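The values are calculated or read from the model by the stated rules, or taken from the named source; none is laboratory data. These numbers come from a predicted model, not from an experiment. Positions of Cβ are generated from backbone atoms using ideal geometry, with glycine treated the same way; all protein chains shown enter the neighbour counts. Note: accessible area is taken over every heavy atom of the protein model, side chains too, but ligands, DNA and RNA are not part of it. Shrake-Rupley method; radii C 1.70, N 1.55, O 1.52, S 1.80 Å.
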Amino acid sequence: MKKKIFTALGLLMAAVFLAACSQSSSSGQRNWDKIEKRGTLKVATAGTLYPQSYHDDNNKLTGYDVEILKEIGKRLGLKIQFTEMGVDGMLTAVKSGQVDIANFSLEDGNKNISKFLRTSPYKYSFTSMVVRSKDDSGIHSWSDIKGKKAAGAASTNYMKIAKKLGAKLVVYDNVTNDVYMKDLVDGRTDVIINDYYLQKMAVAAVKDKYPVKINKGIYANPYSTSFTLSLKNKVLQKKINKAMKDMRKDGSLSKLSKKFFQGEDVTKKRQNNYKKIDISKID
């Protein structure tokens, strides 16, 4: 009798699971059909993150991420409609359906990881810090971050690292690199923890104006970068991944990387001596 009950329960659970998968698949197809019908892919991007999403001298939105998305759009037969916003609002915009894609990457261990879909990675990097050139802002190791004023956008993993290490957080809302660098030099802040390649480009862009540098050899937490989608967009996820796989294979992804990162190929992992900083329990 018990065996029959367990068998019945097992069949019931399997049926529920298959029904859920079917609904998810159906929802994904319906969402893709809507996107395809309107002919546009709605994307949230910062527009202030050089060289990945920024405005050029003609005020045209461009950058590594932006051009990847434009190329994906071409391969899917869609136009890209960008909406510029701060990173804090991007996940909400995806969840509400305001946009289809967030140009915001959820890293492994993020508390929201199960609530969204991620595309395959298009960039590999690691964490570094920018400090004042004259004195390294008094920072010679990650432990020296304690008590320092760390600049960054709210809710990012970089600010979580700063918080974990005991820094005083100075939060900025979607401002340009110039603002960050000026405040660092003026002493309003002491350190900017962020993506290595972005910081390398930012420092090079302001070297004649602001005496700042990357603290050489002090690196942490390697990671990959991908686009974020709603759980309802599984079909879109598959189509984007296929387009990105083709771009990687035909060399166009690497070509875009070298164009925007001064010859660096960020599509490949780089080996370094990284410090592991656990931020899994940091809000």
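For residues in segment 130-167 being closer than 22 Å to D65 by Cα and out of contact with any Gly (no Cβ under 6 Å at 6 or more places or on another chain), which is most open to solvent (accessible area, probe 1.4 Å)?
Result: S155.
Quick one: which strands (runs of 3 or more DSSP E) sit completely within segment 147-258 and have at least 3 residues that are over 18 Å from S53 (Cβ atoms)?
Qualifying strands (runs of 3 or more DSSP E): 149-153, 168-172, 212-214, 220-225.
Can you pull out the residues in segment 76-96 that are more than 23 Å from P51 (Cα to Cα) and open to solvent by 20 Å² or more (accessible area, probe 1.4 Å)?
L76, G77, T92, K95, S96
Please work out which one of (1) outside the structural domain of D135 (by the TED database); (2) surrounded by 22 or more Cβ atoms within 10 Å (Cβ to Cβ) is the condition V212 fails and give its number.
With respect to (1) outside the structural domain of D135 (by the TED database); (2) surrounded by 22 or more Cβ atoms within 10 Å (Cβ to Cβ), V212 is out only on (1).
Take the conditions over 13 Å from the mean Cα position of the chain (by Cα), in a helix (DSSP H, G or I), assigned by the TED database to the domain that holds K238 and of a type outside the set (D, E) and apply them to T83. Does it pass?
no
Residue by residue through segment 30-41, note down the ones that are farther than 15 Å from K238 by Cβ and open to solvent by less than 60 Å² (accessible area, probe 1.4 Å).
G39, T40
Does Y197 qualify as being of a type outside the set (G, A, S), buried (at least 23 other Cβ atoms within 10 Å of the Cβ) and under 30 Å from K242 (Cα atoms)? Steps first, answer last, please.
Details: of a type outside the set (G, A, S): yes; buried (at least 23 other Cβ atoms within 10 Å of the Cβ): yes; under 30 Å from K242 (Cα atoms): yes.
Yes.
Residue by residue through segment 260-275, note down the ones that are exposed (fewer than 13 other Cβ atoms within 10 Å of the Cβ) and within 19 Å of the chain's Cα centre (by Cα).
K268, K269
The rows are residues; the columns are (1) more than 30 Å from H140 (Cβ to Cβ); (2) touching a strand residue (DSSP E or B) at 6+ places or on another chain (Cβ under 6 Å); (3) among the acidic types (D, E).
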residue	(1), (2), (3)
K213	no, no, no
P222	no, yes, no
L229	yes, yes, no
K259	yes, no, no
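Are any of the residues in segment 163-180 within 29 Å of S280 (Cα to Cα), of a type in the set (K, R) and touching a residue at least 60 places away in the same chain (Cβ under 8 Å)?
Yes, some residue in segment 163-180 is within 29 Å of S280 (Cα to Cα), of a type in the set (K, R) and touching a residue at least 60 places away in the same chain (Cβ under 8 Å).
State whether one or more residues within segment 238-257 are at pLDDT below 95, outside the structural domain of K34 (by the TED database) and open to solvent by 30 Å² or more (accessible area, probe 1.4 Å). Please lay out each step first, then the result.
Taking segment 238-257 as the starting set, the residues that turn out to be at pLDDT below 95 are none.
Looking for residues that are at pLDDT below 95, outside the structural domain of K34 (by the TED database) and open to solvent by 30 Å² or more (accessible area, probe 1.4 Å), one finds none in segment 238-257, hence no.
Just one of N177, N103 is closer than 21 Å to K200 by Cα and assigned by the TED database to the domain that holds K232; which is it? First the steps, then the outcome.
Details: N177 fails: assigned by the TED database to the domain that holds K232.
One residue alone meets the criteria, N103.
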